[in-house]
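A short worksheet on the structure shown next.
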Amino acid sequence: MSETKWNAGYPKKPGWYKCRLDGEEECTLKYYVCTLSMKPHWVDANGDYIESMAHVEWSEATQHER
């Protein structure tokens, strides 16, 4: 079984990614760049923003039902 490779920073393409918050909690988050502010954002399946204080690491892109 291979170990997951976690990346820091942001992916090159918007979409849903397997993520890890603060090195512990794994979840699926959507990455996108706001067209008004041109700032990157992570949101969860409910559309809630992940606070900028949380350290988000991401792995492979994943499919999501939304």
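The values are calculated or read from the model by the stated rules, or taken from the named source; none is laboratory data. Every value quoted in this text rests on a predicted model; they were computed, and no experiment measured them. Here the Cβ is made from the backbone with ideal geometry for all residues, glycine too, and neighbour counts use every protein chain on show. Side chains included, ligands, DNA and RNA excluded: accessible areas come from the protein's heavy atoms. Shrake-Rupley method; radii C 1.70, N 1.55, O 1.52, S 1.80 Å.
In table form, for the structure just shown:
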| quantity | calculated |
| --- | --- |
| Chymotrypsin sites (Phe, Trp or Tyr not before Pro) restricted to DSSP loop in the chain with at most 16 other C-beta within 10 Å | W6 |
| Difference of contour (0.36 nm per residue) and Cα-Cα distance, D44 to C27 | 5.3 nm |
| Fraction of accessible area attributable to carbon and sulfur, the chain (%, probe 1.4 Å) | 50 |
| The chain - percent relative contact order, Cα under 8 Å, separation 6 or more | 39 |
| With all protein chains modelled, accessible area of V43 [1.4 Å, Å²] | 20 |
| Residue-normalised accessible area of the chain, expressed per residue, 1.4 Å probe, Å² | 78 |
| GNM result for the chain, Cα springs below 10 Å: residue of K39, K18, K30 fluctuating most strongly | K39 |
| Net length gained if the chain between N7 and S59 were fully extended (0.36 nm per residue, minus Cα distance) | 18.1 nm |
| The chain: radius of gyration and largest Cα-Cα distance (Dmax), Å | 11.6, 42 |
